[in-house]
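Asker: Quick one: the structure is below, questions incoming.
The values are calculated or read from the model by the stated rules, or taken from the named source; none is laboratory data. Keep in mind that what you see is a predicted model, and the values were worked out from it rather than measured. With ideal geometry, Cβ positions are generated from the backbone for all residues, glycine too; neighbour counts draw on all protein chains shown. We work out accessible area using only protein heavy atoms, side chains counted, and drop any ligands, DNA or RNA first. Shrake-Rupley method; radii C 1.70, N 1.55, O 1.52, S 1.80 Å.
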Amino acid sequence: MHLAELNVGRLVAPVDDPRVADFMANLDRINGLGKRMPGFVWMMEGSGAPGTGSTDNAIGGDPLFVPNLSVWESAEQLETFVWGTIHKQFYARRAEWFEVLGEMHFVMWWWVPEGHQPTLAEALDRLEHLKINGDSDHAFGWAHLKEATQWRDNGCAPVAAE
């Protein structure tokens, strides 16, 4: 069994706009690093890449939404990738490239059976459950995981962490 996560952002500009050029230029690099990390299991293809042509990754028909959906062996391994690699530097720059959504845009859930690849629709349902019901074993943010501590130490605002 594994941990799944969905993180949704909305770019401040189209993918070919200079305002998001640095993000777009490094997307394959960061996703590639994630895929090589201990504990990485799976990532939705096109994850984090708007305009890749995958209609499965569209959210509400808005090409500026960037969904990132992945599966990990443990929360600790996901934390190591998010805050223990160069990913942290890009996370710190998120305000340059992404709008503040004003609502929860991140969700995790246990336990994904080995071999299962969650769909974006499944992940969005988990996110909606979290928005309506708050943290539960069905859908949760970092604060729900007692073993997770790095989000507190790395400037992740409570709303963003949830």
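Asker: Could you grab me the full set of residues in the range 123-145 that are touching a residue at least 60 places away in the same chain (Cβ under 8 Å) and over 17 Å from residue 74 (Cα atoms)?
Answerer: Answer for the range 123-145, where residues must be touching a residue at least 60 places away in the same chain (Cβ under 8 Å) and over 17 Å from residue 74 (Cα atoms): 123, 124, 126, 127.
Asker: Looking at the range 1-34, which of its residues are outside any helix (DSSP H, G or I), open to solvent by less than 20 Å² (accessible area, probe 1.4 Å) and more than 21 Å from residue 124 (Cβ to Cβ)?
Answerer: Within the range 1-34, 13 is the sole residue that qualifies.
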